[in-house]
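Below: one structure, written as structure tokens.
The values are calculated or read from the model by the stated rules, or taken from the named source; none is laboratory data. These numbers were taken from a predicted model, which means no experiment stands behind them. When we count neighbours, we look across all protein chains shown, and the Cβ atoms used for this are built from the backbone with ideal geometry, even at glycine.
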Amino acid sequence: MSSQFSPREISSIILAWAVLSIGLSYSFILGLVNGNSSDLQYLVAAAIATATGFILHEMGHKFVAIRRGYVAHFQIWIWGIALTLITAVASGGSFLFGAPGAVYIAPAAAIGAYGYGFYSSNQKAADPLQENMLISAAGPGINLAFALFFLIMYELSTTYNFVAILATFGLELNVGLGSFNMLPIPPLDGYKVFKKSIPFALAIALPLWGMFLYFFLR
């Protein structure tokens, strides 16, 4: 089966990746401009973390949808691009509304709210709710897997070197995005997953919410 990547889609993914990476590392970009060359490692770490936390989240939706017979393409969201940059600049990098784009699916309709798809299948599937659950769970599921990976990486770091910086960025981004997306509120991913299977949803949501409470609210 074709990967369904078009040149325009690839450029959209690169743009979204660049914008979110800039937003995530905005304060360090300012430091780099002011001559602090050591801040370059933070930019690299932010780019890698963004690839796992956002891009692979969206690609999870895309490839699960393709595997189940849908056509899926990533598209940028212009207002999301603007909000990502505005919140990063306005807060000096301390707050980020990261929503530069979403995966849109056909024949399933997709509404790209907050940068994450709302899936409403028009296919005559045996169980449309099952389709929505599996497609929707793919993104937060990837966030959970990478959050655990970066948590292990962070715990194994003995000094605050590049590995620890990468682990910190990766953990924060994957936990933050995954936790938010698993809220059982439409049109977020969690709404579709909880709607079909509460146990399955909790298996993804509880570890993410637990890590969020521990690392962000302690």
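Being closer than 14 Å to residue 196 by Cβ, outside any strand (DSSP E or B) and among the polar types (S, T, N, Q) is the filter; apply it to the range 107-136 and report the residue that is modelled with the lowest pLDDT.
121
Scanning the range 76-88 for residues that are crowded, with 18+ Cβ neighbours inside 10 Å and not aliphatic (A, V, I, L, M), which turns out nearest to residue 106 (Cα to Cα)?
77
Residue 139 versus (1) under 17 Å from residue 102 (Cβ atoms); (2) assigned to a loop (DSSP other than H, G, I, E, B): which is the lone unmet condition?
Unmet for residue 139, out of (1) under 17 Å from residue 102 (Cβ atoms); (2) assigned to a loop (DSSP other than H, G, I, E, B): (2).
Determine, yes or no, whether residue 146 is in contact with a helix residue (DSSP H, G or I) (Cβ under 7 Å, 6 or more places away or on another chain) and either at pLDDT 95 or above or more than 24 Å from residue 20 (Cβ to Cβ) (or both).
So residue 146 passes the test.
Could you please find all residues in the range 146-170 being of a type in the set (A, V, I, L, M) and more than 12 Å from the chain's Cα centre (by Cα)?
Answer for the range 146-170, where residues must be of a type in the set (A, V, I, L, M) and more than 12 Å from the chain's Cα centre (by Cα): 148, 151, 152, 153, 156, 163, 164, 165, 166, 167.
I need the full set of residues from the range 162-216 which are surrounded by fewer than 21 Cβ atoms within 10 Å (Cβ to Cβ), under 18 Å from residue 96 (Cβ atoms) and hydroxyl-bearing (Ser, Thr, Tyr), in order please.
Listed by number, the list holds a single entry, 168.
Could you figure out which of (1) modelled with pLDDT of 85 or more; (2) within 26 Å of residue 199 (Cβ to Cβ); (3) buried (at least 21 other Cβ atoms within 10 Å of the Cβ) isn't true of residue 102?
The single condition residue 102 does not satisfy is (2).
Return the residues of the range 58-88 that are closer than 21 Å to residue 11 by Cβ and either among the hydroxyl-bearing types (Ser, Thr, Tyr) or outside any helix (DSSP H, G or I) (or both); say none if nothing qualifies.
71, 72, 73, 74, 75, 76, 77, 84
Within the range 149-190, can you find the residues that are touching a residue at least 24 places away in the same chain (Cβ under 8 Å) and not in a helix (DSSP H, G or I)?
Matches in the range 149-190: 182, 186, 187, 188.
Residue 51 is checked against (1) surrounded by 21 or more Cβ atoms within 10 Å (Cβ to Cβ); (2) out of contact with any strand residue (DSSP E or B) (no Cβ under 6 Å at 6 or more places or on another chain); (3) assigned to a helix (DSSP H, G or I); (4) hydrophobic (A, V, I, L, M, F, W, C) and fails just one. What number does that condition carry?
(1)
Looking at the range 17-27, which of its residues are touching a helix residue (DSSP H, G or I) at 6+ places or on another chain (Cβ under 7 Å) and either not in a helix (DSSP H, G or I) or not aromatic (Phe, Trp, Tyr) (or both)?
Of the range 17-27, the ones touching a helix residue (DSSP H, G or I) at 6+ places or on another chain (Cβ under 7 Å) are 17, 19-26.
Correct list: 19, 20, 21, 22, 23, 24, 25.
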